[in-house]
1. Between ALA140, ALA81, ALA113, where does the largest GNM mean-square fluctuation fall for the chain, given springs only between Cα atoms within less than 10 Å?
2. State the Kirkwood hydrodynamic radius of region 68-132 in Å, one decimal place, computed from all pairs of distinct Cα atoms.
3. Going by Cα centres, region 134-158 and region 4-67 are how many Å apart?
4. In nm, what is the difference between 0.36 nm times the number of residues separating SER2 and TYR74 and their Cα-Cα distance?
5. May I ask you to list the aspartates and glutamates whose Cα is less than 19 Å away from that of LYS138, ignoring any residue fewer than eight positions away on the same chain?
6. Treating cross-link reach as a plain straight distance, find the aspartates and glutamates whose alpha-carbon is under 20 Å from the alpha-carbon of LYS155, omitting any fewer than eight places away in the same chain.
7. Straight-line reach only, C-alpha to C-alpha below 16 angstrom: list the lysines that LYS97 could link to, leaving out same-chain residues fewer than 8 apart.
8. When a/c reaches 1.5 or more, the comparison of a/b and b/c decides; with that in mind, is region 20-95 rounded, prolate or oblate per its Cα gyration tensor?
Amino acid sequence: MSNNRQIIEKFYSAFQKKDYQTMNDCYSDDIVFSDPAFGVLKGEEVKSMWEMLCKNARDFSLVFSDIESLDEEYATCKWIATYTFSKTGRKVVNKIKAYMKFYDGKIVEHSDAFRLSTWMGQALGWKGKLLGWSGFMKKAVQKNARKNLEKFMTKKGQ
């Protein structure tokens, strides 16, 4: 088993337990992360995002599979998060493909790909289903995600 595969397994096994500290130990200090909801985050923003998501998760479960090493630096996997979206109380099943770059035993880049419109339909109900395709609605979700992260980081004193 490659070291990168072990890191991915450690990361997602920790996520299953909502252990953000172990997850964040898998990252380099200058980690760069991106996904459709938060956009691009760097360093402490990334680590705080996982802490916030783990601490706020309700009815959370996660499975991961299909870990594939592309070369010595890059790997991918699939993961599915199932949880209750706190703002609406709606169940979300988010199917995600992760892309990671590794250097010196740490994840240095992490990108999660999923359809934001599908997520909005599940999380927000009829409004998300009706307007989830629109750029305006996607920007509103991103702005709200960033605002929540900034509030969380301010409370932590970062």
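Here, each number is a calculation from the coordinates, and none is a lab measurement. Note that the coordinates shown come from a computational prediction; the quantities given were computed from them, not determined experimentally. Cβ placement follows ideal geometry from the backbone for every residue including glycine, while neighbour counts extend to all protein chains displayed.
1. Looking only at ALA140, ALA81, ALA113, the largest GNM fluctuation is found for ALA140.
2. On the way: mean 1/r = 0.0751 Å⁻¹.
When all Cα pairs of region 68-132 are included, the Kirkwood radius is 13.3 Å.
3. If we compute the Cα centre of each part, the gap is 17 Å.
4. Values: separation 72, 0.36 × 72 = 25.92 nm, distance 1.14 nm.
My answer for the length gained is 24.8 nm.
5. ASP35, ASP112, GLU150
6. Of all the aspartates and glutamates, those that pass the test against LYS155 - Cα under 20 Å, at least 8 places apart if same chain - are ASP19, GLU44, GLU45, GLU51.
7. LYS78
8. On the way: a/c = 2.01, a/b = 1.32, b/c = 1.52.
Oblate.
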